[in-house]
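The structure appears right after this line, and notes come after that.
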Amino acid sequence: MADDATVPDLSVEFAGIKLSNPLLLASGIADETGASMARAVKEGAGGVVTKSLSIQPRQGHPNPCIVEVEGGLINAMGLPNPGIEGFREEIEHYKKKTRGRAPIIASVFGSSIEEYVEASTLAEGLGVDGLELNGSCPNAKGLGLQFGQDPVVIIELVREVKARTTLPVLFKLTPNTHDIVTLARAVQEGGADGIVAINTLQAMKIDIMTARPVLTNTTGGLSGPAIRPVGVRCVFEMARAPDIRIPIMGVGGISTWEDVIEYMMAGATAVQVGTSISWGNLNVFGEMKKGLRAFLMGTGRRSIKDITGLAAGVGH
Ligand SMILES: Cc1cc2nc3c(=O)[nH]c(=O)nc-3n(C[C@H](O)[C@H](O)[C@H](O)COP(=O)(O)O)c2cc1C
């Protein structure tokens, strides 16, 4: 509860991670450096997620790897990153700048369960506050499936990471599935501390003058306002499932405080903001906080926690 009873309390706790407000910077946007992540906090973010990191550095796909479409972006960056060790200095810089005010969660991925586990233990060694397993990576053994599309693989992956690490472990789900609730159950059964949903939706754009796909990778992932109704539906379905008890972090197309409230009413305890940052500026965090406080005051509520699950009939 806030000291001043007239000021609504925006703080939340997510899977044991304490946040001064429920707004986090999403993985892969404005998180190239410690300085840019620290700027998001200065502008009002309650926490940040790093770009997805692998054991070894990765180049990513050649340009063009991003294209603007109605209501969003399609990107096929190919997870470029300097490797976990190569990101150590950025995390140290971030921590020096923010002095514990806003937790940092490391997003990790690999091309096998063993690589995910090693990436997770290495990331824990960077002194982060939590791990986010990016399930949207092709599984070499998975007959074209991604790690996060196969409930049997999810259970084993999360179990192995939990057995070798001590940090809160979140699993980021893909919406590219016919049944996200089954995937969420697998995340919980594996022992994860929280769910993050959603990653981007598979999409493509064709240049009609050349009759060629615009992206060198042919297809990519759609993000931005166009995917918000999909994300809200996914969060709602998981939150409404009575056997899913771990908290959910909503992400996908959030650009205003109203969008935050919508995701929280669907069942999210906290949210992440991506594409709207890459369009506008990091100031959206400050604007959202103002809007959330005004909404709580206008509806006679003292805490943002009271919003979670209102539309799903549950509270996490
Ligand atoms: C340019 C770009 C890069 C991204 N990189 C990552 C990444 O490295 N790891 C990840 O888990 N998600 C990544 N995402 C997905 C976002 O974190 C987020 O799940 C998705 O974009 C939906 O949220 P939004 O509509 O607010 O952007 C990326 C998205 C964009 C647009």
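Bear in mind these aren't lab numbers, they're just calculated from the coordinates by the rules spelled out. Nothing here was measured: the structure is a model prediction, and the numbers come from that model. Don't worry about glycine lacking a Cβ; one is built from the backbone with ideal geometry, like all the others, and counts go over all protein chains shown.
If you put +1 on each Lys and Arg Cβ and -1 on each Asp and Glu Cβ, how big is the dipole of the chain around its Cα centre, in Debye rounded to 20?
420
Express in whole angstrom the spacing between the alpha-carbon centres of the range 254-316 and the range 1-76.
So the separation of the two Cα centres works out to 15 Å.
For the range 150-297, taking Cα atoms only, what is the radius of gyration to one decimal and the Dmax to the nearest whole Å?
Every Cα atom of the range 150-297 included, Rg and Dmax give 17.1, 54 Å.
Which angle between 0 and 90 degrees, to the nearest 10, do you get for helix 228-240 versus the longest principal axis of the chain when only C-alpha atoms count?
Computed tilt is about 70 degrees.
Given the pairs 141/205; 51/172; 42/95; 97/172; 95/290, which are separated by over 18 angstrom at their Cα positions?
141/205; 97/172; 95/290
Considering the alpha-carbon set of the chain alone, what are its Rg and its Dmax in angstrom?
So, for the chain, Rg and Dmax equal 18.4, 62 Å respectively.
Can you give the angle from 0 to 90° between the axis of helix 113-124 and the longest principal axis of the chain, with both taken from C-alpha atoms, to the nearest 10?
For 113-124 against the chain, the angle is about 50 degrees.
Given the rule -39500 (n - 2.57) for each run of at least 4 DSSP H residues, summed and divided by the residues of the chain, what is its mean residue ellipticity at 222 nm, to the nearest 500 deg cm²/dmol?
-9500 deg cm²/dmol
In the Gaussian network model of the chain, springs joining C-alpha atoms below 10 Å, which of 203, 266, 123 carries the largest mean-square fluctuation?
Fluctuation is largest for 203.
For helix 151-164, report the angle its Cα long axis makes with the longest principal axis of the Cα atoms of the chain; keep it between 0 and 90° and round to the nearest 10°.
70
Using a 7 Å offset from Cα along Cα-Cβ at residue 306, what residues in the range 267-294 end up with backbone N under 14 Å from the label point?
293-294
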